[in-house]
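Chemist: Handing you this structure, nothing more for now.
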Amino acid sequence: MNKKTLGDIVRKVEQKEKFFNKKSFLDTLSYSEKIIGREKQVEELITFLLSYKRGFVVPLVSVYGRSGSGKSTITRFVCENLEGVSPCIVNLRTVKTIFGSTNLILGELGEPSLKNSHGINMAISKIKEAIISKLTREGKNFLVLVLDEFDVLFYNKRERPSDFVYKLLVLEEHLKKKGLMMSIICVSNNALSEYELDDRVRSRIGSSDVFFEPYSKEDVVKIISERIKKALTNMVDKSVVEYCAEISSHGHGDARRAIDLLRTAAEIAAKNEEKISQLHIDKASYDLQNNRIVKIISSATPQFKLVCVSLARVSYLTEEVWHSTSTIYNQYRKLLPKEVKPLTYRRISELLTEIENTGIAVSQTASKGRYGYGTRYRLTMAPGILGSIVNKGAWIMVQEEKADHEKLVQSSLYKHPGSDPMAVLAKSEIDTNWKKYVGV
Ligand SMILES: Nc1ncnc2c1ncn2[C@@H]1O[C@H](COP(=O)(O)OP(=O)(O)O)[C@@H](O)[C@H]1O
Ligand SMILES: [Mg+2]
């Protein structure tokens with residue numbers, strides 16, 4: 001390398017940098033200063049919280065909705081900006097256990113962590129002391145404890161999140177005796193009442209829900225347009241913005257995905273010194289999806305992977321989009337090596353919920369008439385992407401199975417079934433054999 005090459009590199013980097021004004025506006029982890037819409041949810045939250053002025057608070061609020069619907073952002077915005085409220089906000093995603101959660105809360109309240117051996121009751125009483133001193137310090141009498149991504153506690157079967165909530169509700173009652181108030185806001189994908197909670201909790205929490213419906217495409221366009229104005233030096237064509245909102249949504253507006261997509265597309269465009277186009281969005285979408293799935297699959301259990309492949313295989317071979325839990329379960333049983341003991345139907349349903357929570361699939365509750373409700377799943381990506389990431393070799397075999405079948409369907413014998421009745425399989429026979437083979 002000489003001075004000239006160094007100079008060339010500097011110019012190249014500067015060229016790329018010119019593209020961005022303030023890139024942090026495209027970071028989904030930093031909090032938005034400007035909230036677009038969501039007045040209804042903000043008003044509902046404030047209604048639940050503001051009653052503290054009359055000396056009464058709702059013990060627990062359940063904020064719920066799909067990923068990327070603005071739950072974390074809006075809850076934080078309200079709690080941090082509402083006069084008289086002392087917020088304590090934690091995200092349980094990283095800790096996953098109840099004891100870890102208590103330490104996270106203690107940390108947020110400025111206290112040191114406890115050891116596991118101290119036990120949960122000790123942790124709760126430390127939290128109580130810390131809350132009292134925080135409120136005294138701030139001269140306030142109302143603390144809002146936000147437990148973001150609370151649902152992670154339900155995925156760990158050894159945990160009893162209901163018990164944890166109960167202990168926190170009892171803590172609230174203790175604080176009340178001291179003239180202090182506290183509300184808990186549990187943020188999760190589904191309403192808290194849909195999770196397994198015991199009656200002691202149910203009877204106390206009532207129904208204080210705030211639902212975040214998925215954004216419409218227009219909302220997502222507004223959110224990303226605002227970010228573009230601040231983050232990029234050049235404007236982006238309206239059609240490109242709309243395309244970005246469209247493909248990031250999968251029918252359910254997801255602001256996080258849209259912002260991530262835009263940032264990745266902008267990086268690709270900057271690298272090539274081009275104006276952002278639909279092609280960059282497509283490339284970004286492919287890259288992001290691949291990276292994300294590789295990450296999820298690399299840390300997944302063998303059973304989780306097998307359920308993923310079951311859904312991918314049945315979607316690919318039947319070319320149908322939606323599949324019931326029982327179809328997926330049968331497929332799983334078919335693919336499971338003989339010597340491995342199968343998981344129960346119930347456990348597979350739980351794994352499907354986990355798969356949905358990673359964003360690999362989405363579900364729909366379909367009425368089966370008087371037989372009750374059944375859940376159906378569909379992949380949010382092409383089955384081949386997921387299948388090859390889980391097991392490339394096995395997926396090539398699935399592709400070959402399908403190619404062989406298609407050859408048979410299109411063979412001249414099938415096209416002219418009249419030519420030799422003995423040698424020809426009727427279409428219905430091919431279909432039946434194929435279905436049996438696929439396992440549906
Ligand atoms: N109404 C909104 N206005 C501006 N930005 C938003 C809005 N809703 C979501 N965002 C942005 O989208 C991203 C995802 O939002 P987030 O609150 O984390 O969603 P959730 O918690 O529901 O998964 C964040 O970067 C956030 O700043
Ligand atoms: Mg969130």
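The values are calculated or read from the model by the stated rules, or taken from the named source; none is laboratory data. Computed from a prediction, not measured in an experiment: that's the story for all the values here. Cβ: placed from backbone, ideal geometry, glycine included. Neighbour counts: every protein chain shown. With ligands, DNA and RNA removed, areas are computed over all heavy atoms of the protein, side chains included. Shrake-Rupley method; radii C 1.70, N 1.55, O 1.52, S 1.80 Å.
Chemist: Given only helices, namely DSSP H runs of n ≥ 4 each adding -39500 (n - 2.57), what is the per-residue ellipticity at 222 nm of the chain, to the nearest 500 deg cm²/dmol? Provide the component values of the computation, followed by the final result.
Modeler: Details: 19 runs with 248 residues, N = 440.
Value at 222 nm, helices only, nearest 500: -18000 deg cm²/dmol.
Chemist: Another question, then. Quick one: which residues, 5 or more positions from S324 or on another chain, have an amide H under 5 Å from its amide H? H modelled 1.01 Å from N in the peptide plane, none for Pro or chain starts.
Modeler: Result for S324 returns Y377.
Chemist: Compute the Cα gyration tensor for the chain, then decide on rounded, prolate or oblate, letting a ≥ b ≥ c be the square roots of its eigenvalues: rounded whenever a/c is under 1.5, prolate when a/b is larger than b/c in the other cases, and oblate in all that remain.
Modeler: On the way: a/c = 2.24, a/b = 1.38, b/c = 1.63.
It is oblate, given that a/c is not under 1.5 and a/b is not larger than b/c.
Chemist: If I ignore ligands, DNA and RNA and count only protein heavy atoms, how much of V340 is accessible to a 1.4 Å probe, in Å² to the nearest 10?
Modeler: Counting only protein heavy atoms, the figure is 60 Å².
Chemist: Follow-up. Report in % the part of the accessible area of the chain that belongs to carbon and sulfur, leaving out ligands and nucleic acids; probe 1.4 Å.
Modeler: Working: 12560 of 23640 Å².
Exposed carbon and sulfur together represent 53 percent of the surface.
Chemist: Considering the dipole of the chain built from charges on the beta carbon (Lys and Arg +1, Asp and Glu -1) around the Cα centre, which of V42, Y243, L82 is farthest to its positive end?
Modeler: Toward the positive end, the furthest listed residue is L82.
Chemist: Could you work out how much longer the chain between E14 and S133 gets when fully extended? Use 0.36 nm per residue separation minus the Cα distance between them, nm to one decimal.
Modeler: On the way: separation 119, 0.36 × 119 = 42.84 nm, distance 5.02 nm.
Taking E14 through S133 to full extension adds about 37.8 nm, to one decimal.
Chemist: Which pairs in the list K392/K435; K305/K435; K134/K177 are over 20 Å apart, alpha-carbon to alpha-carbon? The partial results should precede the final answer.
Modeler: Numbers: K392/K435 24 Å; K305/K435 23 Å; K134/K177 17 Å.
Over 20 Å apart, Cα to Cα: K392/K435; K305/K435.
Chemist: May I pose another question? Per residue, how large is the accessible surface of the chain? Use a 1.4 angstrom probe and give square angstrom. Present the calculation step by step, with values, prior to reporting the outcome.
Modeler: Working: 23640 Å² over 440 residues.
Here the residues of the chain average 54 Å² of exposed surface.
Chemist: Let's see if you can work this out: charge +1 on each Lys and Arg Cβ, -1 on each Asp and Glu Cβ, no other charges. What is the dipole magnitude of the chain about its Cα centre, in debye to the nearest 20? Spell out each step's value before the answer.
Modeler: Working: 67 positive and 53 negative charges, 166 e Å.
Result for the chain is approximately 800 debye, rounded to the nearest 20.
Chemist: Assuming R0 = 25 Å, can you tell me the calculated FRET efficiency for the pair R333 and L408, based on Cβ-Cβ distance, to the nearest 0.05?
Modeler: 0.45
Chemist: Next question. Excluding residues fewer than 8 places away in the same chain, name every one of the aspartates and glutamates whose C-alpha is closer than 15 Å to that of K402.
Modeler: The qualifying aspartates and glutamates are E319, E320, D431.
Chemist: Then there's this: Could you work out the local net charge near F56, counting Lys and Arg as +1, Asp and Glu as -1, over the other residues with Cβ closer than 13 Å to its Cβ?
Modeler: On the way: positive: K53, R54, K176; negative: E172.
Cβ neighbours under 13 Å give a net charge of +2.
Chemist: List the GluC sites (Glu not before Pro) within the range 1-81 that DSSP assigns to loop and that have no more than 14 neighbouring Cβ atoms inside 10 Å.
Modeler: Details: sites: E14, E17, E33, E39, E43, E44, E80; in loops: E33.
When the GluC sites (Glu not before Pro) of the range 1-81 are filtered for loop state and at most 14 Cβ neighbours within 10 Å, E33 remain.
Chemist: Order D199, D209, D260 by their accessible area, 1.4 angstrom probe, all chains in place, largest first.
Modeler: Largest to smallest exposure gives the sequence D199, D209, D260.
Chemist: DSSP loop (so not H, G, I, E, B), at most 13 other Cβ within 10 Å: list which GluC sites (Glu not before Pro) in the range 216-306 pass both filters. Show your work: numbers first, answer last.
Modeler: On the way: sites: E218, E226, E242, E246, E267, E273, E274; in loops: E273, E274.
Passing sites in the range 216-306 are E273, E274.
Chemist: A further question on this structure: Just to be sure I understand the rule: take each whole DSSP H helix in the chain, project its Cα atoms onto its long axis, keep it if the span is 18 Å or more and its mean Kyte-Doolittle hydropathy is at least 0.5. Which ones pass? Spell out each step's value before the answer.
Modeler: Values: long enough: 3-18 (22 Å, -1.40); 119-138 (29 Å, 0.12); 161-177 (25 Å, -0.16); 217-231 (21 Å, -0.51); 255-271 (24 Å, 0.14); 278-298 (30 Å, -0.37); 302-318 (24 Å, 0.82); 345-358 (20 Å, -0.71); 392-410 (27 Å, -0.79).
Helices passing the filter in the chain: 302-318.
Chemist: Applying a 10 Å radius around every beta-carbon, put 54-62, 144-152 in order of their mean neighbour count, most first.
Modeler: Numbers: 54-62: 16.9, 144-152: 23.7.
Final packing ranking: 144-152, 54-62.
Chemist: Give me, ordered by chain and number, the residues 5 or more places off V61 or on other chains with an amide H under 5 Å from its own placed amide H.
Modeler: Close amide H contacts, sequence-distant or interchain: I184, I185, C186.
Chemist: Taking loop as defined by DSSP and a crowding limit of 10 other beta carbons within 10 Å, which chymotrypsin sites (Phe, Trp or Tyr not before Pro) in the range 179-212 fit?
Modeler: Numbers: sites: Y195, F211, F212; in loops: Y195.
Here no loop site has a sparse enough neighbourhood.
Chemist: Between D163 and K341, what is 0.36 nm times their sequence separation minus the Cα-Cα distance? Round to one decimal in nm. The partial results should precede the final answer.
Modeler: On the way: separation 178, 0.36 × 178 = 64.08 nm, distance 3.18 nm.
Residue separation times 0.36 nm, minus the Cα-Cα distance, leaves 60.9 nm.
Chemist: Stretched out fully, how many nm does the piece from N2 to K40 gain, at 0.36 nm a residue minus the Cα gap?
Modeler: Details: separation 38, 0.36 × 38 = 13.68 nm, distance 6.06 nm.
Once the chain is fully extended between N2 and K40, it gains 7.6 nm.
Chemist: Rounded to the nearest 5, what % of the DSSP beta bridges within the chain are antiparallel ones?
Modeler: Values: 11 of 32 bridges.
Bridges in the chain are about 35 percent antiparallel.
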